[in-house]
1. Apply the Karplus parameterisation 6.51 cos²θ - 1.76 cosθ + 1.60, with θ equal to phi minus 60°, to every residue of the stretch 342-350 and state each ³J(HN,Hα) to the nearest whole Hz, in sequence, with x for glycine and proline.
2. From largest to smallest, what semi-axes in whole angstrom does the chain give when each is the square root of 5 times an eigenvalue of its alpha carbon gyration tensor?
3. Within the accessible area of the stretch 46-194, what % is carbon and sulfur when the probe is 1.4 Å and the other protein chains stay in place?
4. In nm, to one decimal, how far is the modelled label at ARG203 from the one at CYS62, with both set 7 Å along Cα→Cβ?
5. So for the pair ALA338, ALA241, with labels modelled 7 Å out along Cα→Cβ, what separation do we get in nm?
6. Please report, largest first and rounded to whole Å, the three semi-axes of the ellipsoid equivalent to the stretch 75-197, where each semi-axis is the square root of five times an eigenvalue of the C-alpha gyration tensor.
7. Take the alpha-carbon centre of the stretch 59-93, take the same for the stretch 229-287, and report the distance between them in whole Å.
8. Scan around ASP164 for amide H atoms under 5 Å from its own, H built in the peptide plane at 1.01 Å from N, and keep only partners 5 or more places away or cross-chain.
Amino acid sequence: MLILGIETSCDETAAAVVEETGDPARPWQLRSSVVASQVEIHREWGGIVPELSARQHIRDICGVVERALGDAGVRDYDAIAVTQGPGLVGSLLVGVSFAKSLAWSRRVPLVPVHHLAGHIESLALDHGEMPMPAVVLVVSGGHTSLYRVPVPGTYELLGRTRDDAAGEAYDKVAKLLGLGYPGGPVIDRRAERGNARAIPFPRTRLTHADRNAPHLPGRRDFSFSGLKTSVLRHVTLRREALGLGERAPLPDAEIDDICASFQRVVVETLVEGAFETARSEGARSVGIAGGVSANRRLRAEARARGDARGLPVFIPGVALSTDNAAMIAAAGLRRFRAGVTAGFDLSAKSNLRIDEVIA
Ligand code: KG4
Ligand code: ZN
C-alpha cells in the first residue's frame, strides 16, 4: 500500500510518498519527500506572516505534489493523508482543500492527521517501532509537549510549555541578538564557538499545577519565557556597559557566549524533563522529535543520557525533524490501519487536540 502525505500547517509546503512494508518492526518505507520552504519570504519580516504563508502554499502545492509522485516513480496511490491541525488556519486550509479534491477525483480514502502525531511517527518511520511504553518529547517552533505512548498510535499528553515553545525561544533570542530568522540553526552554530558556562541564565522549574490545565501534572510542564527575559536583560545591560545603541550588535565573542549559555539551559531543561518523565512512567524508550530535535547539543546530550541509563533514544534524521510530509504520510498509514478516514466535509482546525476523534 502507498500513501501520499500532504503538509501545509506552517511555512513549509510538503508532499511525500510512503509505502507499507508488511514488517511489524519497521512498518514503513520512505519513497519520496519534497519540502518547499518559505523561509526566504518570511525572513524579511522577522517571522511568519500567516497571509503570505497561505498564498505561497497555493502557488507551491501542485508542483510539490507532482514532484513527490515523480520522485517516488508512482502515478497511483491508495490513500491521501493530510495535516488537519494544529497550525495556521489559512495555511492548513490549502492542504486540506487540495487533499479533499484529489481524494475525490482519484477516488481514494482521505486520512486526517494531527501535526504532532506526525512528528511522533517520524521516529518509527526513520528507525522502526520504539519499545513501548515510550515517552516522546515534541519540540518545535509552536510546541513543546511531552507524550506517553503506551502502544503505537496512542498519544497521551503529560505536559507542555506554559508559554513559549523551545523553538520560539530560539527564534526570539536570535532576533534580539540580530541573528535573523529562523533562530535555531544559527544559534546552534554560534553556540559551538561560545562558552556554555559564561552566563548563568536561570532554569525555570514548575512545581505548581497549571490553572488552565488542571488535568496536567504541573511538574512535567515547561516554561521558556523567563529564560528569554533574562537573555533580554543581559543584552540590554551589556549594551549599556559598552556604550552601544539600543539595537547595536554586541561583539561576536559575546554573542557566541550568549548563544552557548542560552542553549545549555534549553537543552538541560528538555533532556531533564524527558528523562525524569521516562523514569517516572517506566518508559522503555525515549523519543525526541520536531524542528528543535535537529539541534546538535540536544541530540548529543539526549544520546549520552540514554547510554548512561541503558535506555534507547530515538531522534529522527535532520530531514525528518523539521516539518515534512513523510511523517504525515506515516501517521496517516497508522490511522488508516486503525480505521480512521474522513468525509469531504473535513475542515482544517487550528487548535486541534491530539486525542480529538475526527468524523
Ligand atoms: O517542527 P518545525 O519545523 O516547525 C513547527 O512545527 O514549528 O520547527 C521549527 C523550529 C523553529 O523554531 C527553528 O528555530 C527550530 O525548529 N530549529 C532549531 C534547529 N533547527 C530548527 N532549533 C534549535 N536548533 C536547531 N538546529
Ligand atoms: Zn512541526
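The values are calculated or read from the model by the stated rules, or taken from the named source; none is laboratory data. On a predicted model such as this, the values are computed, not experimentally measured, just so you know. Here Cβ is always computed from backbone atoms with ideal geometry, including for glycine, and neighbour counts include all displayed protein chains. Heavy atoms of the whole protein, side chains included, go into the accessibility calculation; ligands, DNA and RNA do not. Shrake-Rupley method; radii C 1.70, N 1.55, O 1.52, S 1.80 Å.
1. Karplus-based 3J(HN,Hα) across the stretch 342-350 equals 10, x, 6, 8, 4, 10, 5, 9, 5 Hz.
2. That gives 35, 24, 18 Å for the three semi-axes.
3. 53
4. 5.3
5. Distance between the two pseudo-spin positions: 5.2 nm.
6. 32, 21, 14
7. The distance from the Cα centre of the stretch 59-93 to that of the stretch 229-287 comes to 36 Å.
8. Amide H to amide H, under 5 Å and 5 or more residues apart or across chains, ASP164 pairs with PHE224, SER225.
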